[in-house]
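The values are calculated or read from the model by the stated rules, or taken from the named source; none is laboratory data. The structure displayed is predicted, hence computed values, not measured ones. Note that we place each Cβ from the backbone using ideal geometry, even for glycine, and neighbour counts take in every protein chain shown. Keep in mind that these areas ignore ligands, DNA and RNA; they rest on the heavy atoms of the full protein, side chains included. Shrake-Rupley method; radii C 1.70, N 1.55, O 1.52, S 1.80 Å.
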Amino acid sequence: EAIKCLAQIVEQEQNILIIGTTGSGKTSCLNACLNLVGSDQRVIIVEDTDELTVPNHLSLKLLTRQDINKHLKDFNQCDLIVQSLRMRPQRLIVGEVRGGEAKDLLLALSTGHRGSLCSLHASHPHQALWRLEMLVQMGAPQWTLQTIRNLIGFSLDYIVTLKNSSEGRKLQAIHKIGSVETSGFTLEII
């Protein structure tokens, strides 16, 4: 049932944050969701490690680059997210959000890139939202917490939680992000 629900959410072009701890299957889940993307949709994937599969011939992948010898220009995820917007993506995929690129990602998602997916290291949906708030503050320290929460509310629709247990990797829960409150977010389990 959960897998059918997730497939429906992807097909309805909802923006999804996939969370879990190390080894819980976030990348595998992202790849599975990418397999559901139609062949007529342009997807831009932004990653710092080459792990995701490009879903069709219209899509492409941008990888970060850090040249320790300083012969080539470095490109971080912030640079690549900004660049990807010039490439007319219908869906934007970020392999894992780890820093100030969270601000650029959420700004992009709030402007109409429906059906986008990203992953974040967290074990619980509320923890993921708190981490996301902190990561946005790294990229925009001048923004108020309420501004950041409003941006998250405009940008994301669902949180998918994965868990690695003794029984293997599992889809633990799907939460719909509800209203933005002064104390945080309301989440509805699906």
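Annotation: L151 carries an accessible surface of approximately 20 Å², with a 1.4 Å probe and no ligand, DNA or RNA atoms counted. Available extension along the chain between F154 and Q41 is 38.5 nm, counting 0.36 nm per residue and deducting the alpha carbon span.
Once you have the Cα-Cα distance between D74 and E167, take 0.36 nm times their residue separation minus that, and quote the gain in nm to one decimal. Please list the in-between numbers first.
Numbers: separation 93, 0.36 × 93 = 33.48 nm, distance 4.12 nm.
That works out to 29.4 nm of additional length.
Relative contact order for region 65-190: 18 percent, from Cα pairs under 8 Å spaced at least 6 residues apart, divided by residue count.
In the elastic network of the chain, a GNM with C-alpha springs shorter than 10 Å, the most mobile of S179, S155, S116 is S179. A simple spin-label model places pseudo-atoms 7 Å from Cα toward Cβ; at T21 and A7 they are separated by 3.0 nm. Rounded if a/c is under 1.5, else prolate if a/b is larger than b/c, else oblate: which is region 130-173, with a ≥ b ≥ c the root eigenvalues of its Cα gyration tensor? Judged from the Cα gyration tensor, region 130-173 comes out prolate (a/c at least 1.5, a/b above b/c).
Please compute the per residue accessible area over region 48-190 with all protein chains in place, 1.4 Å probe, rounded to a whole number of Å².
So region 48-190 comes to 53 Å² accessible per residue, rounded to a whole number.
Highest mean packing comes first when the peptides 125-132, 69-76 are listed by Cβ atoms within 10 Å, giving 125-132, 69-76. With every protein chain in place and a 1.4 angstrom probe, the accessible-area ranking of C118, C5, largest first, reads C5, C118.
Measuring max minus min along each principal axis, the C-alpha atoms of the chain give extents of 48, 39, 34 Å (largest first). Could you state the number of Å between the C-alpha centres of region 12-76 and region 89-156? When both Cα centres are located, 15 Å separates them. Compare E11, E51, E167 in a GNM of the chain, Cα atoms joined below 10 Å, and give the one with the largest fluctuation. Taking springs between Cα atoms under 10 Å, the residue moving most is E167. Residues within the reach of a label modelled at R98 (point 7 angstrom out along Cα to beta-carbon, backbone nitrogen below 11 Å), restricted to region 1-38: there are none. As a fraction of the 1.4 Å probe accessible area of the chain, surface on carbon and sulfur atoms comes out at 51 percent.
Working out 0.36 nm times the residue gap between I190 and W143, then minus their Cα-Cα distance, what length gain in nm do you get to one decimal?
Values: separation 47, 0.36 × 47 = 16.92 nm, distance 3.14 nm.
Extending this stretch completely gives an extra 13.8 nm.
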